[in-house]
Amino acid sequence: MNFISIKEALEKGKGKVSIRGWIYRERNLSDKVFLVVRDSSEIVQCIIKKDNEAWNDANKLLIESSVEIEGEIREDKRAPTGYEIDVEKLIVIHFAEKYPITKDQSIEHLADMRHLWLRSRRMTAILKIRSTIFGAIHEYFRKNGFYEYQSPIFQPTQSEGGSTVFKVNYFGHQMFLAQTWQLQAEPAIFALEKIYTIAPSFRAEKSKTSRHLTEYWHAEMEFAWADFEKLQDYGEGLLKAIVKEVLYNNKE
């Protein structure tokens, strides 16, 4: 099989296609099995009829089983994404066990099942947007003559207050997880002039509210010969660049 993504199959719209992915939804009838298959690009409904040699395997498939499918794609406005594949060949790579995420969609349950919840369409969309944002930050700063510059995660000094730092025993010496790259970045201005970073930051704030994160990713920039107006221009330009890229790449 010469596999293409589900999105590419939908764009093709007709003819023979070969896809592979995971079962997103499944419904068994007496004479046919409806499978909604997902990959990282999209979902598509597939139909397996009773005379198909893979009929018995199709009836055993549960959500998150992995499959390879070959068949004819055609338009059907009743299908979730407007097209269906009439399956000619089905190869099961793995039969999944019963999927633990069902009617319970509480935050607590989904957090316990985070490794599986990542596969939901909502979480997949969020991760795609996040990736676009990171790429937009890199692209904007590099287009404007900035160099990427990293600082160590283990730092010997506190940068933003002793009460909110994570202390680490570093081979018998006390160190701290980075809150910011600022103290390491300022000396580099005199070498590179314009620098930026995207890096994890850590704050040991004992808070259970949704507004406080003990670990997050931080985009920072510094530049020599700075004035406040230019700083504002860079900040505004960055936000515009991010929004533009997200609208262009992640409109769906």
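The values are calculated or read from the model by the stated rules, or taken from the named source; none is laboratory data. Just so you know, these numbers come straight off a predicted model, no measurement behind them. Don't worry about glycine lacking a Cβ; one is built from the backbone with ideal geometry, like all the others, and counts go over all protein chains shown.
Residue by residue, here is whether (1) surrounded by fewer than 16 Cβ atoms within 10 Å (Cβ to Cβ); (2) assigned by TED's automatic domain parsing to the domain that holds ALA136; (3) more than 27 Å from THR132 (Cα to Cα); (4) of a type in the set (A, V, I, L, M, F, W, C) holds:
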{"residue": "VAL165", "(1), (2), (3), (4)": "no, yes, yes, yes"}
{"residue": "GLN174", "(1), (2), (3), (4)": "yes, yes, yes, no"}
{"residue": "ILE189", "(1), (2), (3), (4)": "no, yes, yes, yes"}
{"residue": "TYR196", "(1), (2), (3), (4)": "no, yes, no, no"}
{"residue": "ALA226", "(1), (2), (3), (4)": "yes, yes, yes, yes"}
Check on SER131, surrounded by 13 or more Cβ atoms within 10 Å (Cβ to Cβ) and among the polar types (S, T, N, Q): no
Please enumerate the residues belonging to region 233-252 that are part of a helix (DSSP H, G or I), acidic (Asp, Glu) and over 14 Å from HIS138 (Cβ atoms). ASP233, GLU236
The one condition in (1) in the same structural domain as ILE85 (by TED's automatic domain parsing); (2) touching a strand residue (DSSP E or B) at 6+ places or on another chain (Cβ under 9 Å); (3) of a type outside the set (S, T, N, Q) that MET1 fails to fulfil: (1)
SER40 passes all but one of (1) crowded, with 16+ Cβ neighbours inside 10 Å; (2) assigned to a loop (DSSP other than H, G, I, E, B); which number fails? (1)
Which one of the conditions (1) touching a helix residue (DSSP H, G or I) at 6+ places or on another chain (Cβ under 9 Å); (2) among the β-branched types (Val, Ile, Thr); (3) surrounded by 14 or more Cβ atoms within 10 Å (Cβ to Cβ) does THR157 fail to meet, given that it meets all the rest? (3)
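Can you pull out the residues in region 73-94 that are out of contact with any helix residue (DSSP H, G or I) (no Cβ under 7 Å at 6 or more places or on another chain) and either among the small types (Gly, Ala, Ser) or not in a strand (DSSP E or B) (or both)?
Selection gives ASP76, LYS77, ARG78, ALA79, PRO80, GLY82.
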Looking at ARG130 and the list (1) over 13 Å from the mean Cα position of the chain (by Cα); (2) among the basic types (Lys, Arg); (3) farther than 25 Å from CYS46 by Cβ, which single condition is not satisfied? (1)
Taking into account only those residues within region 157-210 that are over 28 Å from the mean Cα position of the chain (by Cα), modelled with pLDDT of 90 or more and in a loop (DSSP other than H, G, I, E, B), which is farthest from LEU238 (Cα to Cα)? GLY172
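Name every residue in region 56-68 that is part of a loop (DSSP other than H, G, I, E, B) and either surrounded by 13 or more Cβ atoms within 10 Å (Cβ to Cβ) or touching a residue at least 40 places away in the same chain (Cβ under 8 Å) (or both), in order of residue number. Give the derivation first.
Of all residues in region 56-68, those part of a loop (DSSP other than H, G, I, E, B) come to 61-65.
The answer is LEU61, ILE63, GLU64, SER65.
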Does ILE93 fit the bill of being surrounded by 13 or more Cβ atoms within 10 Å (Cβ to Cβ), closer than 20 Å to GLU42 by Cβ and either not acidic (Asp, Glu) or not assigned by TED's automatic domain parsing to the domain that holds ILE23 (or both)? no
Contact list, first residue from region 213-237 and in contact (Cβ under 8 Å) with a residue 12 or more places away in the chain, second anywhere and exposed (fewer than 11 other Cβ atoms within 10 Å of the Cβ), beta-carbon distance below 8 Å, six or more apart or interchain, is ALA224/PHE190
Residue check, GLY71 under 21 Å from the mean Cα position of the chain (by Cα) and without any contact (Cβ under 8 Å) to a residue 60 or more places away in the chain: no
Qualifying residue in region 108-119 (condition: under 30 Å from LEU238 (Cβ atoms) and not small (Gly, Ala, Ser)): yes
